[in-house]
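Report on the structure given below.
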Amino acid sequence: DTGVSQDPRHKITKRGQNVTFRCDPISEHNRLYWYRQTLGQGPEFLTYFQNEAQLEKSRLLSDRFSAERPKGSFSTLEIQRTEQGDSAMYLCASSSLLQGGSNYGYTFGSGTRLTVV
Amino acid sequence: AQKVTQAQTEISVVEKEDVTLDCVYETRDTTYYLFWYKQPPSGELVFLIRRNSFDEQNEISGRYSWNFQKSTSSFNFTITASQVVDSAVYFCALRESGGSYIPTFGRGTSLIVHP
């Protein structure tokens, strides 16, 4: 168990470019969550998957955002035509439906910090 | 709808002082889960504790203790004899029972411990 991995750790992009982030959850976790965190704020929910199915999306997730989790393993979050307001830390977390799992059980990655210039 | 309020934006203490971080929550569910996470400068959210709504027993883990009071919808976190390594942003989170299992986070309290 190597925890939740996110790649890249940092991304600087020009406004209007597309970016894609990757999240590798804990292997036995079937739920995967994406959060966005701006400076001085708590994490805000974006979307989550149970296995490969995307079950819920926040209103924060505009049409420019898309997330996938093919085969229920890793997930990608793509932002098209980035805007300066997209600058934030994008956090991924995974959990298991099994009760009694550690902390019931949200494990976060270190995040990808996006800066749009 | 679930909501978490952390009214303290920033707390500054000197090493060895005790400090309490406040968390007030709102939910219509009778069964829910409360969490505390620590976010050091590296950015990763580190799990500290989970508390079920039906278990009001306070918990102590080393220098950390948590006071859960359903009557006031509060789940406060106390660090005893603070240390410089405790400097971080601390988040309280709430997850209602069933449904989507999506935690809602407060805005966080930045704790600065001076040597």
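Every read-out reported here was derived from the displayed coordinates using simple, explicitly stated rules and does not represent laboratory data. Keep in mind that this is a model prediction, so the values were computed, not measured. Because the Cβ atoms are built from the backbone with ideal geometry, glycine has one as well, and the counts that use them run over all protein chains shown.
Summary of values
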{"read-out": "Neighbour-count order for A:Ser27, A:Ser95, fewest beta carbons within 10 angstrom listed first", "value": "A:Ser27, A:Ser95"}
{"read-out": "Nearby aspartates and glutamates by direct alpha-carbon distance to B:Lys16 (threshold 15 angstrom, same-chain neighbours under 8 apart not counted)", "value": "B:Asp86"}
{"read-out": "Sequence of A:His29, A:His10 once ranked by neighbouring C-beta atoms within 10 Å, starting from the fewest", "value": "A:His10, A:His29"}
{"read-out": "Only Lys, Arg (+1) and Asp, Glu (-1) charged, at Cβ; the protein assembly as shown dipole about Cα centre in debye", "value": "620"}
{"read-out": "Amide H within-cut-off set for A:Glu52, under 5 Å, with H built and near neighbours excluded", "value": "A:Gly72"}
{"read-out": "Proximal aspartates and glutamates to B:Lys3, defined as alpha-carbon separation beneath 15 angstrom and excluding residues fewer than eight positions away on the same chain", "value": "A:Glu44, B:Asp22, B:Glu26, B:Asp29, B:Glu96"}
{"read-out": "For A:Leu46, residues with placed amide H under 5 Å, excluding near neighbours", "value": "A:Trp34, A:Tyr35, A:Arg36"}
{"read-out": "B:Phe91, B:Phe77 arranged by Cβ crowding within 10 Å, fewest neighbours leading", "value": "B:Phe77, B:Phe91"}
{"read-out": "In sequence order, calculated HN-Hα J values of region B:62-76 (Karplus, 6.51, -1.76, 1.60; Hz; x Gly/Pro)", "value": "x, 8, 9, 9, 10, 10, 9, 10, 5, 4, 10, 6, 10, 9, 8"}
{"read-out": "Residues with amide H under 5 Å from that of B:Glu15, placed H, sequence gap 5 or more", "value": "B:His114"}
{"read-out": "Point-to-point label distance, B:Ile112-B:Thr5, nm (Cα→Cβ direction, 7 Å offset)", "value": "2.6"}
{"read-out": "Cα centre as origin, Lys/Arg/Asp/Glu Cβ charges: chain B dipole, Debye", "value": "220"}
